């Protein structure tokens, strides 16, 4: 390149012939040749260019850059380079690598990325006469920078997408989500958390989590959180959180600790647990029903075996007598067999009563008069040492019941009262009109209406809670062996149920309640019921008979 500079016609440029160049320019050109980088000396007011070989390669598109004006040579990049040229001409050096400049060396060649250096050159008087322009290729670093910047931008977009998805899940999830500080204070919760538990955001933020946890679950939560802080992960756990109105919801939680906050996701399983409880209760009820069926079958088998044994024994003895031609005492064997048959029939009637399949013949009753007419039966059932008292409503409403079954039920209850009082005590029969305005459990869920209540009470020794639960089971009895079949209260239960009632019991009372009774319309539709007992038209007619036979004890 030195030869080209030496033989170039500088006379047609603003620099003039080479021999007339000032020493400062010659020295600058010599320094340019020594540089390993593409360089150019730019001199004079016209910014005339003197360059080395490397610099020429950068401007291959220009046939000969030597002697050309700098601004014309870099016309394509002048908007970016111009301000730096003006600064260097004012005496300030600069190295510009950001932003890097993209240079196309020639047609078909790959573009280069370069950084530019600008160093002022002074003449003999110390004035800035030009500058040294140095070009340093930074293609590798720029492309690496672009690559990593692209990677960073992709990663940033992924982060933004992940954050947006997470925010969308946070907002739309039907599961409760929350973040908690290591000090167990609520940091944030998603809308589902607030919706399920009914709290407002300002009521929750920075509040201790344990204030929402059921007292019985707090120790378990503290232990789980301690493990979570240590191992950053935890097994699923179930706990209860308090709703704003005071009740609790069951949640199944999964949680993780990221070193700063605990993040927990909880699914509301209150309905699942309630359904499990319902299924468990239904299974228990089915099991209890099967147990009752087993007891019923066992009791029936035992009772029928005793009855059939009596009948079979009597028939066998009768057959022997007839074969021997002896007729004495034949009637006694027949009597024993007939007695067993009658007992079997009684057992069958009681079973039918319990199963609500016995035929009933309800009729309108003068309630107080019917009770009084049963007095002799009740006194016989009570025995000589028991006293019977009456507390009857002065004007009971008309009811429609089967007289025979009513008397049987009263006799069974009085017999139980006698056993409870150890055959010495007091029994009170009460009737009273009652008007129910709403359905309530103590009345067996009876609908609103007018009722006549019948109470049979005694002053016996009380009934254990375990026996109360089984009082109406068939063949259940607390009496000694041979003193009761265990079908008395079950018969009452069946009669009341067949008549539309519901039995109930408590610690000191046994109640059988709710008989459908005759309305005025029913009396008109069934004239047969009126003939035995023509109820006066002035009687108020109850919509049903609420019959509560209560006792301080009940011995089935």
Tally, over region 1-35, of residues that are in contact (Cβ under 8 Å) with a residue 40 or more places away in the chain, touching a helix residue (DSSP H, G or I) at 6+ places or on another chain (Cβ under 7 Å) and outside any helix (DSSP H, G or I): 1
Odd one out for residue 472 among (1) more than 15 Å from residue 413 (Cβ to Cβ); (2) modelled with pLDDT of 65 or more: (1)
Scan of region 56-106 for residues that are exposed (fewer than 13 other Cβ atoms within 10 Å of the Cβ), at pLDDT below 80 and in contact with a strand residue (DSSP E or B) (Cβ under 9 Å, 6 or more places away or on another chain), ordered by number: 98
Tally of residues being buried (at least 20 other Cβ atoms within 10 Å of the Cβ), more than 12 Å from residue 414 (Cα to Cα) and touching a helix residue (DSSP H, G or I) at 6+ places or on another chain (Cβ under 9 Å) across region 366-382: 1
Some residue of region 183-192 being within 17 Å of the chain's Cα centre (by Cα), within 29 Å of residue 227 (Cβ to Cβ), modelled with pLDDT of 90 or more and surrounded by fewer than 15 Cβ atoms within 10 Å (Cβ to Cβ): no
Test: residue in region 280-290 that is part of a helix (DSSP H, G or I) and within 12 Å of the chain's Cα centre (by Cα): no
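Please tell me if residue 225 is in contact with a helix residue (DSSP H, G or I) (Cβ under 7 Å, 6 or more places away or on another chain), surrounded by 13 or more Cβ atoms within 10 Å (Cβ to Cβ) and either at pLDDT 90 or above or more than 23 Å from residue 166 (Cα to Cα) (or both).
Numbers: in contact with a helix residue (DSSP H, G or I) (Cβ under 7 Å, 6 or more places away or on another chain): no; surrounded by 13 or more Cβ atoms within 10 Å (Cβ to Cβ): yes; either at pLDDT 90 or above or more than 23 Å from residue 166 (Cα to Cα) (or both): yes.
Against the criterion (in contact with a helix residue (DSSP H, G or I) (Cβ under 7 Å, 6 or more places away or on another chain), surrounded by 13 or more Cβ atoms within 10 Å (Cβ to Cβ) and either at pLDDT 90 or above or more than 23 Å from residue 166 (Cα to Cα) (or both)), residue 225 does not qualify.
Just a yes or no: is a residue in region 349-363 at pLDDT 85 or above and not in a helix (DSSP H, G or I)? If you could, list the steps in order and put the result at the bottom.
Step one: filter region 349-363 for residues at pLDDT 85 or above, giving none.
Checked against the condition, which is being at pLDDT 85 or above and not in a helix (DSSP H, G or I), region 349-363 yields no hits at all.
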Listing of strands (runs of 3 or more DSSP E) fully contained in region 36-127 that carry 2 or more residues being in the same structural domain as residue 26 (by TED's automatic domain parsing), free of Cβ contacts under 8 Å to residues at least 40 places away in the same chain and within 60 Å of the chain's Cα centre (by Cα): 94-103
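Please verify whether residue 143 is part of a helix (DSSP H, G or I) and modelled with pLDDT of 90 or more, treating the condition exactly as stated. Break it down stepwise before answering.
Values: part of a helix (DSSP H, G or I): yes; modelled with pLDDT of 90 or more: no.
When the stated conditions are applied, residue 143 does not pass them.
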Every residue from region 397-422 that is in contact with a strand residue (DSSP E or B) (Cβ under 8 Å, 6 or more places away or on another chain), modelled with pLDDT under 85 and either surrounded by fewer than 17 Cβ atoms within 10 Å (Cβ to Cβ) or not in a helix (DSSP H, G or I) (or both): 397, 398, 399, 400, 401, 402, 403
Any chance residue 394 is over 30 Å from residue 300 (Cβ atoms), modelled with pLDDT of 85 or more and not in a helix (DSSP H, G or I): yes
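Okay, residues lined up against (1) buried (at least 16 other Cβ atoms within 10 Å of the Cβ); (2) at pLDDT 90 or above; (3) over 30 Å from residue 472 (Cβ atoms); (4) not assigned by TED's automatic domain parsing to the domain that holds residue 490:
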{"position": "215", "(1), (2), (3), (4)": "no, yes, yes, yes"}
{"position": "221", "(1), (2), (3), (4)": "yes, yes, yes, yes"}
{"position": "232", "(1), (2), (3), (4)": "no, no, yes, yes"}
{"position": "238", "(1), (2), (3), (4)": "no, yes, yes, yes"}
{"position": "248", "(1), (2), (3), (4)": "yes, yes, yes, yes"}
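The values are calculated or read from the model by the stated rules, or taken from the named source; none is laboratory data. Since we're looking at a predicted model, the values are computed, not measured. Backbone-built Cβ (ideal geometry, glycine too); neighbour counts: all protein chains shown.
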